[in-house]
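For reference, the structure is listed below as structure tokens.
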Amino acid sequence: MEKVRIQDDLYMYVNQETLDKLVIPDDKPATGGFSTLNEEVEKLMIDEFNAMVKSKEYPNDYLKRTLTLYKAAKNVAKKDKDGIKPALKRLEMIKNLDSMSAFNRKLKTLVMEGMPLPFDIAVQADLKDAEHNCLYIQGPSVVLPDASYYKPEMAQQKQALIGMWTNMAQMILAKTDLSAEEQTKYLEDTLAFDEMLGALVKTSEEWSEYVKAYNPMKTSRVSGLVKPIRFRALLKALFGTAPEKVVVLEPRYFKAFKEVFNEENFEMYKHWAYVRALLGACPYLSEELRDMGGMFMRAITGVPVCTPVEKFAYQLASSMYSEPVGLYYGEKYFGEEAKKDITEIVYQIIDTYKERIKTNDILEEATKEKAILKLSKMGVKMGYPDKVDELYDLLVFGERKSLLDIVASLKKIRFQYQLDSINKPVNKEEWAMPGHMVNACYNPSVNDITFPAAILQAPFYSLKQTRSENLGGIGAVIGHEISHAFDSNGAKCDENGNINNWWTKADNKRFDKKVNQMVKQFDGIELPWGKVNGKFIVSENMADNGGMAVTLDIMSRTEGASFEEYFMNWARVWCIKAKPEYLQLLLTVDVHGPTCLRANIPPRNFPEWYDTFKVKKSDKMYIAPSKRVVIW
Ligand SMILES: [Zn+2]
């Protein structure tokens, strides 16, 4: 087969050989790039876990508890004798609700036990007052992976997906003590209730608009909206005194709340809650039920087999005790030398950003000053935190319980800890991601970036790679995260993380014009697995564009820099081999664009791309100068 030209397809030119060799593991929907690193970290840490279990020597008490959970999760596979019983026992809580008033009496318990409710609450930083926490309310999740499937134009896909989900639910319900008629009724009611929710809750595209989620209301008003729920009484029971304000994340849903949840639909709700809680419990019951409970997600992501029990146990233990595990990983596998080097790169990028803002053609002078202030105040979290949060001192559990009860009790402690933060200042020292996670993020409400140790390795970053390769890898990703401070969401938050309009109308107008150009670069692109929605992924694409602009700027001032190495490593980090079902799902639920486009579209906006590879009009990766866009 003839090799593709770099000028036509950078992504394939760089990754073709790797893609030919890559084999997607049977229990995963994808491999390559981020996923390969993930698999490696997982394997390494499972070996670590097994060695600790064998030697009975634990680095600290947190890891001792982590490993106790790991063992309990592994053992549940061997001892299937209890099977579904622990779930049935917990579900009594829902079965016994014989009326709306019984529901209200038990509401605090239902909330604390994480039972499915027609609403969910959370305590988080106030988006307009980032120093303080406040109460948020939102609707429940739906059976399908996104509410957009419930739109009339998606009816056909929805029917197919609901069919797969129903198959799974039927098999699991058959294991319960419900009669055949009851099983049918429970399932019908679940789907009918879900149908009502699907028409009202937000789609991923709607969630991607951060500022629109901020709808503060007086508690009395929310209480009125959610009647027949005794909301104020619930808040008093949970907090001592009811907070005065609640931020309603999904106003459309709560305005229609009474049509969904009322005396007439109460039985329907109960059956929905029972089925959702039952399915949610499956991973913690037995091998057979964990396998069954994963059928739907596997079907829609194209994964042939269930996660092996050892990996499942690791994933559970390392997510429940994420900070101690991340700290252990970071200290052992990410050295001080690398931390120093990478922190230097970060500040170089921030400084370059400031310079670029000064000459930027979007913002007026006064706004530029604020943008530079925002960069100066940006928090930088690299590698792993110095210590774990005090939450982990509280996360203890009784070993003699079933795995389901252990998990429920740990989730309850985590939730109580979150609720208790309502009257405390926001903990800005908290890390959004643990050290062993292969990812990175910008948190708009804290105005900080987090780069866990696990992403700070090749091909993203290595002391063994050239500076050009590191800039095309981790450098561009760091620039990407910093750009989120100025993407269509971040531009609406100030240097303290508050939603605050610090832009002038003219700034916004010039910015929106560029945003629209960016939407157009991606919108409607047809891939073998579906069509791209340019608006949905615009924030991420703007971040990629910003990340590339700032790192190319540094490249131009770096002695001995190789643009060839830069662009090639940029394409290397986006390498992915995935199941078509999974790629299709991502188009609907992921705010990031398909990685082949993330590799191939941003370079076309920059002269360095054209100069380095002599890209001409007749090449596929050429766009006319009038269509090129650089935002920051
Ligand atoms: Zn991003």
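The values are calculated or read from the model by the stated rules, or taken from the named source; none is laboratory data. Since the structure is predicted, the reported quantities are computational estimates derived from the model, not experimental observations. Ideal geometry is used to build each Cβ from the backbone, glycine not excepted, and the neighbour counts take in all protein chains shown.
Summary of computed values
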item	result
Residues of the range 489-511 satisfying the condition of being within 12 Å of the ligand (Cβ to nearest atom) and farther than 16 Å from ALA125 by Cβ	none
Test: residue in the range 23-35 that is at positive phi and assigned to a helix (DSSP H, G or I)	yes
Matching entry among GLU57, GLU39 (being part of a helix (DSSP H, G or I) and either small (Gly, Ala, Ser) or out of contact with any helix residue (DSSP H, G or I) (no Cβ under 8 Å at 6 or more places or on another chain) (or both))	GLU39
Failed item in (1) among the small types (Gly, Ala, Ser); (2) surrounded by 18 or more Cβ atoms within 10 Å (Cβ to Cβ); (3) modelled with pLDDT of 95 or more, with SER208 passing the rest	(3)
Residues located in the range 175-231, provided they are assigned to a helix (DSSP H, G or I) and polar (S, T, N, Q)	GLN183, THR184, THR190, SER204, THR219, SER220, SER223
Number of the condition not met by TYR328 [criteria: (1) of a type in the set (Ser, Thr, Tyr); (2) surrounded by fewer than 16 Cβ atoms within 10 Å (Cβ to Cβ); (3) not assigned by TED's automatic domain parsing to the domain that holds ALA454]	(2)
Condition met for GLN521 (out of contact with any Asp or Glu (no Cβ under 8 Å at 6 or more places or on another chain), farther than 19 Å from ILE601 by Cβ and away from the ligand (no atom under 16 Å from the Cβ))	no
Test for ALA432: is it touching a Leu at 6+ places or on another chain (Cβ under 9 Å), within 16 Å of the ligand (Cβ to nearest atom), of a type in the set (Gly, Ala, Ser) and in contact (Cβ under 8 Å) with a residue 12 or more places away in the chain	no
Identity of the residue in the range 540-585, more than 22 Å from ILE6 (Cβ to Cβ) and within 14 Å of the ligand (Cβ to nearest atom), that ends up surrounded by the fewest Cβ atoms within 10 Å (Cβ to Cβ)	GLU540
Residues of the range 135-156 that turn out to be over 30 Å from LEU234 (Cα atoms) and either among the β-branched types (Val, Ile, Thr) or in contact with a helix residue (DSSP H, G or I) (Cβ under 8 Å, 6 or more places away or on another chain) (or both), as a count	4
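For every residue, the table says whether it meets (1) aliphatic (A, V, I, L, M); (2) modelled with pLDDT under 95; (3) surrounded by 17 or more Cβ atoms within 10 Å (Cβ to Cβ); (4) out of contact with any Ser or Thr (no Cβ under 7 Å at 6 or more places or on another chain).
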site: LEU19; (1), (2), (3), (4): yes, no, no, yes
site: VAL41; (1), (2), (3), (4): yes, no, yes, yes
site: PHE49; (1), (2), (3), (4): no, no, yes, yes
site: LYS64; (1), (2), (3), (4): no, no, no, yes
site: LEU67; (1), (2), (3), (4): yes, no, yes, yes
